[in-house]
Amino acid sequence: MRRTRVAGAVPLAALAAVLGRGPTAAAPALKGEPGGAWPGPDPAVFLGCGEVGGPGAVVQLDLTGKVLGTIELADTPYGLAADRAGLVAALPGRQAGRVVRMGRTGKVDTLLADAAGLPAPIAIAADPRTGDVLVADNVADVVLLLPGGKPAEARQVLAIKGHEGHCQDM
C-alpha cells in the first residue's frame, strides 16, 4: 500500500518578495526581484507532496488550480517557506535530513545537511525581509536559526527536553 503525503502549502500572494510574473513550464521557478511589491501581482500556491520516504516534488499552482510547474526532489518536502532567494524546504530524508533552497531558476541547492544535529527537519519558516530561516527537527527536538539564511552561522535557538518527537506540532 502506498502512502502519499501532502505537505503544507505556501500561498504566494504573501511571498511576493520572491515571486515574479507568469508561470514556467519546467519548474516553479521564482521570478522577480527580491524586495518587490508585497503582496505580488500573481498569487499562487506552492505545494510540497510525495511518497512517505520520497521521492517528492514541489508543485506550483495558480489560484484556479492549474499546475504552473514542478520541481522533482529525492525526498518529500515536509515544510516549505519563502526567503529572499527562493523557496526553502525541509526534507527529512531516509538517512539524514536536509534543508534545501529552490532558486528562481528552479535549481535546488542544499543549504544545510547535519546528520547529528538535524536528522529529521520537519518544519521551516523564513522571514523574507531579513532572510532568517528557522528549522524544527522532529528527532533532535531542536529549532535552528540560520541568520540571513546562512548555514555557516546556524545556531540552536530552542531545545525541547522530555518531549521527544513533538516538533512536528510546532
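The values are calculated or read from the model by the stated rules, or taken from the named source; none is laboratory data. What you are looking at is a predicted structure, and each value in this text was computed from that prediction instead of being measured. Note that each Cβ is placed from the backbone with ideal geometry, even for glycine, and that neighbours are counted across all protein chains shown. In case anyone asks, the SASA skips ligands and DNA or RNA and just uses the protein heavy atoms, side chains included. Shrake-Rupley method; radii C 1.70, N 1.55, O 1.52, S 1.80 Å.
Take the residues in segment 129-152 that are open to solvent by 10 Å² or more (accessible area, probe 1.4 Å), touching a Gly at 6+ places or on another chain (Cβ under 9 Å) and not hydrophobic (A, V, I, L, M, F, W, C), then tell me which one is farthest from L87 (Cα to Cα). Of everything passing the filter in segment 129-152, N138 is farthest from L87 (Cα to Cα). On the stretch given as segment 103-115, residues that are part of a strand (DSSP E or B) and either of a type in the set (V, I, T) or within 16 Å of G54 (Cβ to Cβ) (or both) total 2. Just one of the listed residues (R98, R84) is out of contact with any Leu (no Cβ under 8 Å at 6 or more places or on another chain) and in contact (Cβ under 8 Å) with a residue 12 or more places away in the chain, namely R84.
Quick check, is D114 among the acidic types (D, E) and modelled with pLDDT under 90? Yes, satisfied. Restricting to segment 76-92, what's the tally of residues that are open to solvent by 10 Å² or more (accessible area, probe 1.4 Å), modelled with pLDDT of 90 or more and not in a strand (DSSP E or B)? Count: 0. Within the option set L134, L118, being in a strand (DSSP E or B) and farther than 18 Å from L47 by Cα holds for one residue only, L134. From the list P34, P11, P23, the one residue that fits, being touching a helix residue (DSSP H, G or I) at 6+ places or on another chain (Cβ under 8 Å), open to solvent by 40 Å² or more (accessible area, probe 1.4 Å) and either modelled with pLDDT under 50 or under 20 Å from A126 (Cα atoms) (or both), is P34. When restricted to residues that are more than 17 Å from P92 (Cα to Cα) and part of a loop (DSSP other than H, G, I, E, B), segment 137-164 contains 6. In segment 63-75, the qualifying residues are those that are part of a loop (DSSP other than H, G, I, E, B) and of a type in the set (G, A, S), and the one that is least open to solvent (accessible area, probe 1.4 Å) is G65.
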